[in-house]
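The values are calculated or read from the model by the stated rules, or taken from the named source; none is laboratory data. None of these values were measured; they are calculated from a predicted model. In this analysis, Cβ positions are derived from the backbone assuming ideal geometry, glycine residues included, and neighbour counts consider all displayed protein chains. The accessibility values were calculated without ligands, DNA or RNA, using every heavy atom of the protein model including side chains. Shrake-Rupley method; radii C 1.70, N 1.55, O 1.52, S 1.80 Å.
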Amino acid sequence: MNGYGGTILRVNLSTGEISKEAYDPEVARNFLGGRGLGIYILYTEVPAGTDPLSPENKLIASTGPISGLLVPGAGKMDWTTKSPLSGGYASASIGGHLTAELKFAGYDSIIFEGVSEKPVYLYIEDDTVELRDAGHLWGKGCITTEKMLKDELGEDFQIATIGPGGENLVSYACIGHDYGRQAGRGGVGTIMGHKKVKAVAVRGTGAIPVADNDRYWKQALAMYKACKESDGLEVWQRYGTTIVTSWCDEVGALPTRNFQQGSFEEGPNLYGDVMREKIVITDKGCFGCPSPCGKYSHSKKHGIRVEGPEYETIALLGSNVALGDIEDVAYANYLADELGVDTISVGNAIAFAMECYEKGLIGPEETGGLDLRFGNAEAVFTMIERIARRDEGLGDLLAQGVKAAAQEIGGDSMDFAIQVKGMEQSGYETHSATSMLLAYMTCDVGAHHNRAWAITYDLEVGRDKVEPGKVAKVIQLQHYRPLFDALGACRLQWIELAIDVTQYAPMLAAITGEERSWEDLVKISERIWNLTRMYWWREIEGFGPEWDLPPARFYKHPSTGGPTEGELTPLESVKKLRTMYYEQRGWTEDGKPSPEKLAELGLSELVDRYG
Ligand code: SF4
């Protein structure tokens, strides 16, 4: 299979059996790979109603047909599972070098099933695949574990690992790789921890077959040339995602004090240029990347080195908890990365608890005497550790996510539990940015930005407008951006360097030998999106429009400061956006893909068969 390893590894942790299966070319045609293959396996193999924390749940790590090839940013891998945080679909993308290495070893995907009795790690060296004892690694942090395994196996191995957060089943535990890259969202690390898989270590020495080598080379050179000649390259490489911190602060999109407002009085201390000058020591990139956005930093104040903080972490563990010193944010980032918890969810959880504390819904008795006010850096560090350890009381409660915490704390706290579908919102304040609000409402994993980063579009066409064009833009982004997660590539060369997105079609054709247009690929992305939506309908009892509502904060309580002070999006407008979205997607008025839409996408038979 050109572009593919052609083999899927199935690892049964209950029996210790490892098998190699052929990757069905028809599935690859219809779902490409990465998140496409992930949802296909989740839908067809994990029975409806499975408890996420049960042996029947599966964790699926998948490369795509572009992964590991000479294509800008071909270093992305998807991790899919049934989420322990939302109870629905989880898919998280990781960069670095793991995906390329797995392809070099000849595999497109690893399916973990069952539960091991004792901690193990998966060792892959080309044809040799073994489960090995990980007793000596259990309890260690992600960064520490990666170093230990590299010392043990050699620097040539690529390692993915969980930390104590995953071992202790924090609902938003992440998987770490390459000393600072994470598959962060939705609890993919939790499932790895539940299965007692501490790590995956991969080394591959093979080649990936390509259909038309000349065309592939020409296309690759043209794409790299476009990246290198891009006007956006210099500034992107200098600042990475921190390029947007100042912009968000200035336009009122920087979440501050649990999303109460979109501008932070100490925001300028967190801007990209300050960070670059104060703590960044080098740039760091993924496999095949011409525009490395990773910023590797050294905090002298805290005596740590860390990859980051990137924008989302600055937003959630900086302004959102009111920390105004970039070195404190870097340290919080380091703790979360080492302990293996998602910086976005943990930042939300702590900000939520801080607001509860300041409003008197919890007090010193619940915090164990900790002064949990906004801006207290020591309290943030302590809470990250308590959450990762699941210390009795608040640590354990916040480890379950803000939705579960609000259900327990009560009062009006659900209004300011900033989540959709149970997943905490990433770094954009959306009191009156209606495209971004809709993107969060309808994102297929919960309130995450990476499916449709529409915040700049809001500013372009009028932040609070509620009109069909905005809905169409969100849907277009929800097809374009996740397509990269099925191809196994980074989307940032398209977004930040403005390379022509349609160029990925001839590149894929050169690799696989099958001619497909960009529109054909977008149709596959729509197929993946709709199957994912059907998964929510199948798994969540009572699923429907209520699950597509934003946090009440954005329609009930106006922004308290900054350029958007006093603004909100009335519930009526929220519902109007939602209705237009369902209509434009060809869904029923309850938000379910219609039989006609499923037929159009070739999904009817699959849905009939698997529910
Ligand atoms: Fe990785 Fe950043 Fe390059 Fe994308 S732009 S491939 S995330 S380093």
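Which of (1) open to solvent by less than 20 Å² (accessible area, probe 1.4 Å); (2) in a helix (DSSP H, G or I); (3) modelled with pLDDT of 95 or more does Q493 not meet, given it meets every other one?
Answer for Q493: the failing condition is (3).
Going through L70, L53, L85 one at a time, which residue ends up being within 14 Å of the ligand (Cβ to nearest atom), assigned to a loop (DSSP other than H, G, I, E, B) and open to solvent by 10 Å² or more (accessible area, probe 1.4 Å)?
L70
Kindly provide the set of residues from segment 73-82 that are within 16 Å of the ligand (Cβ to nearest atom) and either open to solvent by less than 10 Å² (accessible area, probe 1.4 Å) or in a strand (DSSP E or B) (or both), ordered by number.
Result: G73, A74, G75, M77, D78, W79.
Is it the case that segment 314-326 has a residue that's open to solvent by 30 Å² or more (accessible area, probe 1.4 Å) and either within 23 Å of the chain's Cα centre (by Cα) or on the phi < 0 side of the Ramachandran plot (or both)?
Checked segment 314-326: at least one residue is open to solvent by 30 Å² or more (accessible area, probe 1.4 Å) and either within 23 Å of the chain's Cα centre (by Cα) or on the phi < 0 side of the Ramachandran plot (or both).
Residues are listed down the side, and each one gets a yes or a no for (1) open to solvent by less than 40 Å² (accessible area, probe 1.4 Å); (2) outside the structural domain of R238 (by TED's automatic domain parsing); (3) in contact with an Asp or Glu (Cβ under 9 Å, 6 or more places away or on another chain):
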{"residue": "A472", "(1), (2), (3)": "no, yes, no"}
{"residue": "H479", "(1), (2), (3)": "yes, yes, yes"}
{"residue": "L483", "(1), (2), (3)": "yes, yes, no"}
{"residue": "G488", "(1), (2), (3)": "yes, yes, yes"}
{"residue": "Q503", "(1), (2), (3)": "no, yes, no"}
{"residue": "L508", "(1), (2), (3)": "yes, yes, yes"}
{"residue": "I524", "(1), (2), (3)": "yes, yes, no"}
{"residue": "W529", "(1), (2), (3)": "yes, yes, yes"}
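Condition first: within 18 Å of G73 (Cα to Cα) and in contact with a Cys (Cβ under 7 Å, 6 or more places away or on another chain). Now tell me which residues in segment 179-206 satisfy that.
Of everything in segment 179-206, those that are within 18 Å of G73 (Cα to Cα) and in contact with a Cys (Cβ under 7 Å, 6 or more places away or on another chain) turn out to be Q182, A183.
May I ask you to verify whether Y331 is within 14 Å of the ligand (Cβ to nearest atom) and either modelled with pLDDT of 95 or more or closer than 17 Å to D178 by Cβ (or both)?
Judged against the criteria, Y331 is not a match.
Return the only residue of D337, D342 being surrounded by 24 or more Cβ atoms within 10 Å (Cβ to Cβ), touching a residue at least 60 places away in the same chain (Cβ under 8 Å), within 16 Å of the ligand (Cβ to nearest atom) and not hydroxyl-bearing (S, T, Y).
Result of the check over D337, D342: D337.
Every residue in segment 88-111 that is part of a strand (DSSP E or B) and more than 16 Å from the ligand (Cβ to nearest atom), please.
Y89, A90, S91, S109, I110, I111
Being of a type in the set (F, W, Y) and away from the ligand (no atom under 16 Å from the Cβ) is the filter here, so list the residues in segment 153-191 that pass it.
The answer is F157, Y172.
Out of all the residues in segment 529-551, which are within 21 Å of the chain's Cα centre (by Cα) and closer than 17 Å to Y440 by Cα?
Result: W529, N530, T532, R533, W536, W547, D548, L549, P550, P551.
Looking at segment 101-108, is at least one residue touching a helix residue (DSSP H, G or I) at 6+ places or on another chain (Cβ under 8 Å), within 29 Å of F31 (Cα to Cα) and not basic (K, R)?
yes
Between a first residue in segment 493-514 that is without any contact (Cβ under 8 Å) to a residue 40 or more places away in the chain and within 16 Å of the ligand (Cβ to nearest atom) and a second residue that is among the aromatic types (F, W, Y) and part of a helix (DSSP H, G or I), which pairs have beta carbons less than 9 Å apart while being 6 or more apart in sequence or on different chains?
W494/Y480; W494/F484; W494/Y504; V501/Y480; V501/W494; V501/W518
Looking at G294, G288, G272, which one is touching a strand residue (DSSP E or B) at 6+ places or on another chain (Cβ under 6 Å), among the small types (G, A, S) and surrounded by 20 or more Cβ atoms within 10 Å (Cβ to Cβ)?
G294
For the structure I just gave you, tell me whether S116 is over 27 Å from N348 (Cα atoms), polar (S, T, N, Q), buried (at least 24 other Cβ atoms within 10 Å of the Cβ) and in contact (Cβ under 8 Å) with a residue 40 or more places away in the chain.
Spelling it out, it is not the case that S116 is over 27 Å from N348 (Cα atoms), polar (S, T, N, Q), buried (at least 24 other Cβ atoms within 10 Å of the Cβ) and in contact (Cβ under 8 Å) with a residue 40 or more places away in the chain.
Run down E167, E130, E125, E155 and say which single residue is open to solvent by less than 50 Å² (accessible area, probe 1.4 Å) and assigned by TED's automatic domain parsing to the domain that holds T80.
Residue meeting the stated conditions: E167.
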